[in-house]
Structures are given as structure tokens and as C-alpha cells.
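Remarks on the structure that follows.
None of the figures in this text is laboratory data; all of them are computed from the coordinates on show. The model shown is predicted, which means the values in this text are computed figures rather than measured ones. Virtual Cβ from ideal backbone geometry, glycine too; neighbours counted across all protein chains shown.
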Amino acid sequence: MYKIKLRGVEENDPNRIMALYQQRPNRKVLGATPYLSIYYFGKKFFNPKKIEQRLVEKRAEFDRRIQRAGTDSNKIENLLRKREKKITRLTSHLEEGNAIMQIGEPPVIYDSLKAQATLQQIHNYLNSKGYFKHQASFTTDSQNKKLTLNYNIQENVPYTYSQVNYNIKDTAVAAIIDSTRAESLVKVNQHYDEEVLVNERDRIELLLKNLGYYQFKKQFIVADVDTSFEQNQVRLQITINNDNDTIPHQVFRLGRVNFKADANLERFGLERDTILFNRIYYLAYNHRISPRIIDKKITIRPGQRYSLRRTSITNRLLTNLDMFRFLSINYQVDTLNSTLLTANINANPSRRFQETTEAGVSYSAYLPGPFGNLRLTVRNIFGGAELFEIGFRGGLEGQFALNGRSGNTQRPGSVYTTELGANTAIIFPQFLVPFNANRYFIRYSPRTRVNLNYTYIDRQEFTRTNQQTTFDYIWQMSNRLQHVFTPFDLSINSTHNIDPGFKQRLINARPEQNREVATTYEKSFASSFISSMNYTRVFNTNNYNHTLDAIFTRLFVEESGLLGSMVFRGRDSIPLGNDYLKIFKYYRVNTDVRRYFKLAPTTFLVSRLNIGLARAFDKNDYLPYDRYYYAGGGTSVRAFRPRRLGPGSYFPVSRDSLGRFEYETDGTYRRDIQSEQQGELLLEANMEYRFNLFSFVNGAVFLDAGNIWMLTNDPARPGSQFEFKDFWKEFAVGTGFGFRFDFTFLIARIDLSAKVYDPSLPLGKRFVLDKTVLFNSDNYYNLAFNLGIGYPF
């Protein structure tokens with residue numbers, strides 16, 4: 001079977017119908033069937049008779065070994081386990097072919113019975129959507145031994161609701177349903193849809209369970225549909241039955257609430273100590289966490305009506321404490337009063353001390369760079385469910401050195417940058433505020449994080465240190481939405497041991513007309529004090545492995561200078577030892593929006609838009625080095641070197657040690673690919689098509705576009721300023737393909753990309769895809785290689 005065509009589907013979702021296919025043609029890439037070719041290639045080396053012979057020999061071999069084991073039960077059990085593993089693997093090879101065949105796909109032979117079964121599934125689906133008068137059939141076309149299967153559908157007019165009536169025997173339940181009619185998912189003149197009816201049953205069940213109806217089940221809800229009255233219309237009657245004909249549904253209230261902090265422990269002859277706090281009973285052999293803290297996370301109370309929503313909120317709040325590795329909430333009907341429930345919250349504590357290590361390899365400047373992190377977590381350090389964390393990190397990253405050219409790893413100019421860091425943090429399970437503001441945020445898992453961080457970076461050109469203190473308020477509106485507000489982010493940045501050659505390069509980059517004026521990039525290395533306030537909002541409907549149809553948005557806003565102006569009364573710098581620290585005043589905004597379109601179970605189209613703006617409050621001022629935006633690299637425009645793209649159409653020219661321009665052999669200026677290029681405005685767009693190749697190996701084809709710009713004129717870098725009339729001509733474009741190795745616990749990524757459009761070249765010469773070369777790192781148009789951990793976005 002070569003192709004399946006679906007015709008006539010206009011009102012329904014064709015993807016939902018295509019998901020019903022019981023046979024699918026072999027996968028195609030650009031019209032070809034490479035997986036089928038791989039299968040046939042592997043079949044040349046497939047010898048089923050040899051595998052059958054090995055199966056016979058293995059069975060006989062293990063029978064002999066088991067017989068020799070005699071009465072040694074442990075040895076026999078071990079041999080039986082090994083035999084099962086060997087036989088299963090050989091049987092798999094016999095049924096599915098060798099490893100090459102399993103990477104490929106066997107030919108799909110048309111099966112008329114499966115086509116008929118698919119047609120019946122289509123009938124059922126269209127009827128469930130209200131298209132009772134639809135027509136559907138299938139036909140086949142064959143040419144050159146390639147068969148095309150056509151599903152022909154005529155939807156016709158869908159049925160709509162002419163009436164929606166309720167028949168509820170319990171008058172109290174009837175009053176609740178009547179008061180929430182506006183929230184009903186089923187309304188007059190809507191299309192009949194069985195899926196919506198199922199959702200309406202779930203809505204009613206959840207509504208009643210949140211109002212005390214603990215034993216209510218959606219099986220009590222019956223939907224009767226009658227199509228015999230009006231043309232293309234249905235009358236719907238929703239009946240809610242009682243548990244039996246005479247007794248109405250019972251409303252339950254909570255009688256007693258128990259919290260057992262060590263439910264996994266049972267000590268013979270000892271009883272748990274019980275503390276009554278705020279009408280909740282806390283049971284534990286040893287009360288390690290203060291009931292006062294736990295009490296703030298429990299929203300179910302004696303006297304309340306049973307509520308599934310409050311139960312879920314309590315579960316989430318307690319889980320977010322990160323104090324318990326397992327937690328459950330269950331209810332029991334009171335034996336003395338059948339209208340009361342006893343709530344039992346059972347928690348198993350997590351280990352107090354936990355060590356987390358991470359290791360990996362990044363790839364930059366044609367050099368592999370190992371990195372590692374070590375973090376120790378101490379839970380409940382002060383008895384109030386606090387988390388204390390101390391971490392260490394270290395890594396090497398490939399960099400373009402002062403004398404290197406084009407990142408050639410065979411030359412001494414390619415060196416490593418060393419980065420070392422340590423941090424310590426304390427996370428409190430509530431807001432640390434002078435007022436009782438926690439009561440307004442109790443359902444949003446409020447936390448306060450105090451963090452101290454130290455980073456040391458050693459490059460050939462300079463050494464840089466960063467000492468940072470942050471004070472964060474964190475709250476979770478839902479599992480998808482998180483807010484972080486940082487009223488205090490204080491850091492001291494210092495640059496030391498600047499290499500004389502690098503300093504000369506900074507001087508060479510000054511404007512030709514005024515060599516005494518330092519560039520903003522040169523100034524940004526000054527030792528500095530940054531006091532900022534920032535806010536982050538993250539909304540994410542995806543999971544860790546990015547396997548859902550989802551959306552991700554991140555908004556970051558930062559302001560620096562307000563606190564410094566108040567404390568230092570408008571001064572531009574403050575003394576520290578023999579140095580002066582510049583006080584920076586700026587604002588910074590960044591928004592990152594990603595959309596994950598799930599086209600098939602293992603096929604996704606992912607798009608991303610990344611916009612950033614950074615600006616000093618004084619137009620004559622500048623930004624700190626690490627507050628500028630940079631473009632290029634593994635998570636940006638991948639065809640261009642990290643942090644070397646832009647700004648705008650600026651073409652960085654290489655100079656020698658005397659400041660003279662360097663030229664290529666053809667007389668053109670030699671490009672300087674060593675210097676990082678910073679900007680105040682960032683515009684990036686990415687699109688990536690992800691698909692499964694075989695087993696745990698996924699493929700990706702991508703297109704990247706973007707650049708950075710300065711918002712003010714930079715005389716040292718002509719063409720760097722953003723101009724509305726021309727900016728669209730200055731987007732760098734790259735394309736390529738990659739592989740993602742999904743090991744479940746981590747995803748390794750390899751990307752190969754080529755430049756398509758280079759804005760640094762003159763107009764008319766910017767299309768450069770035809771100049772791409774392979775495996776020549778001295779060439780600016782060499783195919784870029786990026787290796788990383790996780791998805792790029």
C-alpha cells in the first residue's frame with residue numbers, strides 16, 4: 001500500500017479520523033520510502049533457519065545446565081532467568097528480523113478486512129459527532145504495484161439539540177444543577193457530540209463532589225437521545241438517578257482530620273504521639289516538622305462539606321513542600337454517624353539528606369567541553385519544612401582565543417574557558433513578609449528563596465568573578481503557571497588579569513574618527529555593582545519530554561538602579577578597596593513564546609519567537625557585559641557561531657597586533673570571528689520539525705532566523721543600529737537537521753546547520769547556502785556542529 005487519501009472531510013478534524021486507520025503506508029521522506037529500503041537491505045543478511053537452529057541449541061544447552069545444577073534452587077532460578085532472556089531475544093529476532101530490519105519497516109500489504117474495519121470506525125466516529133446522515137465508502141487505485149486507498153466521505157448536515165431537559169429525582173441535586181445551567185457544556189442549537197456529553201457527565205460529577213456528595217458517581221447520570229421528532233435535530237434528556245429509588249444522595253461533612261507524618265513506619269509496642277493543632281490531629285513517632293507549618297498547607301477542615309477540589313489542593317500544597325516522597329488522602333465513613341467522614345492524610349517522609357550529581361558534555365568552538373554539577377539538599381533543617389541547598393559546579397567550554405583563527409582545533413588558538421561556581425540557598429515554605437500576606441497566597445504554594453552565588457570564569461583574555469545575592473518570592477498559581485518576584489538581586493562583578501593583547505584588540509575596535517573613546521563593549525567590562533529587581537512568569541502546558549500538544553511562554557522583566565539611587569543618592573560609582581564599582585541603571589525585558597503542534601504520536605512541529613530589549617535609562621550610558629543580548633549558537637541561530645552574530649549588518653574586520661586591517665588572499669577584509677558581538681535588541685524565530693527515526697532516535701529539520709541590534713548609533717560598528725525600514729533585511733537565516741537521542745532520563749542532541757542568509761554581506765550577496773563546505777573549520781561557511789543536552793527549545 002503506497003498512499004491513503006481522505007476526501008470530503010470539511011467540518012470534522014481529519015487528524016482524528018486518520019488516527020482510526022488500522023493500516024498505514026510505509027513512511028516517506030521527500031516522496032521516497034527509505035525505511036522500506038533499510039528493511040530490504042537488512043533482509044539480505046537475515047537467515048531465519050540459522051536463528052531457529054540457535055533457538056534449538058540454546059534450549060538444549062540450558063536444559064543440560066539446569067540438569068547439572070541438581071537441587072541448587074538459587075542456581076536453577078538464575079539459569080531459568082537467563083534462558084528466558086536469551087530465548088526472548090532470539091524469538092524477537094526471528095519474528096521481527098535483525099537489527100537493521102527493525103530500524104526499517106516491512107512492506108505494508110493491503111488488507112481489505114482492515115480497510116473495512118477502518119470504515120466502520122469512521123462510521124462510528126461521525127455518528128458520535130452528530131453526523132447521522134453521513135455517507136462513507138472506500139475505493140482502491142493501483143498502478144505499478146502501488147495501491148492507493150481512498151476513503152470518500154460525505155458529511156451532510158449535523159444534528160443539533162432542539163431541547164435539553166433534566167429529570168432529577170433528588171430535589172437538592174436538582175436545585176444545584178438548575179443554578180449552574182449557565183456552566184453546562186450542552187445547550188440548545190449546539191451540535192450533538194458524544195464527547196461533549198461525556199465531559200458534561202464529568203462536570204456534573206465534579207460539581208457535586210465539591211459540594212459534599214462523596215459517594216456520587218457519574219454512573220448515576222444517564223443521557224437519552226431522541227431523533228424522531230424534528231428534522232436533523234435531537235431531544236436530549238439528562239436523568240440523574242438516586243443510589244436507590246427511595247433514598248436521595250447523601251451530603252457528607254468532615255468529622256475528624258488526621259495527618260500521619262510517618263505512615264510507612266510501624267514500631268512494635270509503640271504508639272504515635274498525637275498533637276491537636278487547629279482542629280487537626282497530627283500523629284507521628286517523632287514530630288520532625290512543626291504542625292504549624294503543615295497546618296498552612298491543609299485546606300480540609302472538620303465541619304466542612306466534603307470537597308474533591310479542596311482535597312486536590314491539599315495534596316498539591318503538601319507535595320510541593322518536597323518533604324514527602326509519597327502522600328495520599330483517603331476518607332472513611334464514620335461508624336457512629338453515617339453523615340460524617342474521617343479524612344486520613346498519610347505521608348511518607350523523604351530522605352533528609354539527598355545528593356544530586358549531573359555530568360555532561362557541551363560542544364562549542366569545535367571543542368568538546370565537559371561539565372558537572374553537585375548539589376546537596378538538607379530537608380527540614382530548622383524544623384519548619386525548610387530546604388537547605390549547597391551546590392558546586394564546574395565546566396570547560398571551547399573558546400576562540402586571542403591568536404586563534406576560525407576555531408581550528410589543530411591550532412594553539414583554540415582554548416578552553418574554565419568556569420567554577422558555588423551556591424547556597426535556603427527555601428522557606430511561606431513568604432517572609434512583615435504582614436500576614438500568606439493567607440492570600442496559601443493555595444498557591446508560596447515560597448521564599450534566599451540564595452548566595454559565586455562564579456569564577458577564567459578565559460585566556462581575562463578573569464571574571466561574580467558575587468550574587470538574591471531574595472525571591474515564588475508562587476504556583478497552578479501546575480502550569482509559576483511566578484517569581486525578586487525584590488533584591490545584588491551582585492558585584494569584577495574583571496581581572498586582562499590580557500594585554502585582548503586590551504589592544506578592544507582599543508583597535510574603537511571608532512576610527514576618535515580612538516580615545518572606548519566602545520560600549522570595552523566599558524561593559526568595568527567592575528560593577530548591580531542592584532536590580534525582576535519578575536518572571538512561566539506558563540507551560542508541556543511535560544519534561546515535550547510529548548504534548550502544548551504552549552510555553554516566559555516573560556522576564558528587570559529593572560536596575562532604583563535601589564542604588566536611593567542608597568547611594570545618585571552616585572555613578574562606589575569605592576571598593578582600590579577599585580571603583582560602577583552603578584548600572586537599566587531596564588531589560590524578554591519574552592519567549594513556544595508552540596508545540598502534535599501532528600502524530602511521535603511527530604511535532606515546534607515554533608518559537610524570542611524577543612528581548614535591554615536599555616540603559618540614560619541614552620548615553622551602557623549596560624553590564626552580561627546584560628546585553630547575544631545571538632548565534634546551539635539555542636539561537638545555530639548556523640552562526642555562539643555570540644558572534646550581528647549586530648545588524650555589521651561586518652567585524654580582523655586586525656593585527658598593530659591595529660592594521662587583515663586581508664584574505666583575494667584582497668577582501670578578513671572577518672574577525674573571535675570577538676563577541678553584543679546588542680540591545682534581540683529578535684529570533686525558530687521552527688523545527690521533529691519526528692521519530694527508529695527506537696529511541698529522533699530526527700529534526702529546522703529553520704532559524706534572527707539577529708541583534710543596537711538601539712542607538714554605535715560609531716565603532718557601522719550598520720549595527722536598528723532601523724525600522726531595513727531591519728527585515730538583516731535577519732540571519734540558517735537551516736539544518738539534527739538527531740535527538742531519547743534516553744528517557746536525558747535527551748542528547750546533535751545539530752548540523754548551514755548558513756542560508758548572511759546580513760553582514762552586501763545586499764545582493766547575502767544568500768550563501770551554495771557556499772557551504774564540510775569539515776573545514778578554517779572556512780567561515782563550514783557546516784556548524786552543535787552538541788547539547790535537552791531540546792534547544
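Results, tabulated for the structure shown:
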| item | result |
| --- | --- |
| The stretch 253-349 pair-distance distribution - Cα-Cα, 10 Å bins, rounded % | 16, 51, 30, 4 |
| Computed lengthening from Val251 to Phe745, 0.36 nm per intervening residue step minus Cα-Cα distance | 173.3 nm |
| Helix-only [θ]222 nm of the chain, DSSP H runs n ≥ 4, -39500 (n - 2.57) each, per residue, nearest 500 | -5500 deg cm²/dmol |
| Peptides ranked, highest mean first, by Cβ atoms within 10 Å: ranges 573-583, 521-531 | 521-531, 573-583 |
| Within the stretch 674-747, trypsin sites (Lys or Arg not before Pro) in DSSP loop having at most 16 other beta-carbon neighbours inside 10 Å | Lys725 |
| Rounded FRET efficiency, nearest 0.05, which uses the C-beta distance separating Glu358 from Tyr454 and R0 of 22 Å | 0.70 |
| Per-residue HN-Hα couplings for the stretch 477-489 [Karplus 6.51, -1.76, 1.60; θ = phi - 60°; Hz; x = Gly/Pro] | 5, 7, 5, 9, 10, 10, 10, 9, 10, 10, x, 9, 9 |
| By average C-beta atoms within 10 angstrom, highest first, the peptides 668-679, 223-234 | 668-679, 223-234 |
| Cut-off 19 Å (backbone N to label point 7 Å along Cα→Cβ of Leu6), residues of the stretch 138-176 | 138-141, 148-158 |
| Hydrodynamic radius by Kirkwood, which averages 1/r over all alpha carbon pairs of the stretch 115-253, in angstrom | 17.6 Å |
| Calculated diffusion of the stretch 413-468, Stokes-Einstein form, Kirkwood radius summed over Cα pairs, 37 °C and 0.692 mPa s, µm²/s | 229 µm²/s |
| Peptides ranked, highest mean first, by Cβ atoms within 10 Å: ranges 383-396, 271-284 | 383-396, 271-284 |
| Proximal charge balance of Thr463 [Cβ under 12 Å; K/R count +1, D/E count -1] | -2 |
| Glu194-Lys49 FRET efficiency (beta carbon distance; Förster radius 45 Å; 0.05 resolution) | 0.30 |
| Cα centroid separation - the stretch 214-249 against the stretch 700-763, whole Å | 59 Å |
| Exposure proxy order (Cβ contacts within 10 Å, fewest to most) of Phe604, Phe793 | Phe793, Phe604 |
| Rounded to 5, the percent of DSSP beta bridges in the stretch 253-349 classed as antiparallel | 60 percent |
| When the chain is reduced to its Cα atoms, the Kirkwood hydrodynamic radius in Å | 32.9 Å |
| Cα-projected label distance for Asn242 with Leu265, points at 7 Å along beta-carbon direction, nm | 4.9 nm |
| Cβ-based net charge around Ser445, under 10 Å, with every Lys or Arg adding one and every Asp or Glu removing one | +4 |
| Chain lengthening between Leu711 and Asp111 when straightened (0.36 nm per residue, less Cα-Cα) | 209.6 nm |
| Debye equation applied to the C-alpha atoms of the stretch 160-240, log10 I(q)/I(0) at 0.11, 0.16, 0.23, 0.25 Å⁻¹ | -0.28, -0.58, -1.14, -1.31 |
| Positive minus negative residues near Leu693 (Lys, Arg vs Asp, Glu; Cβ under 12 Å) | +1 |
| Mean-position separation - Cα centroids, the stretch 23-69 and the stretch 633-655, in angstrom | 49 Å |
| Over 25 Å (Cα to Cα) - which of Lys218/Lys260; Lys503/Lys755; Lys44/Lys114; Lys133/Lys218; Lys5/Lys129 fall in this group | Lys218/Lys260; Lys503/Lys755; Lys44/Lys114; Lys133/Lys218 |
| Cβ-derived FRET efficiency at R0 45 Å, Arg571 paired with Arg288, nearest 0.05 | 0.40 |
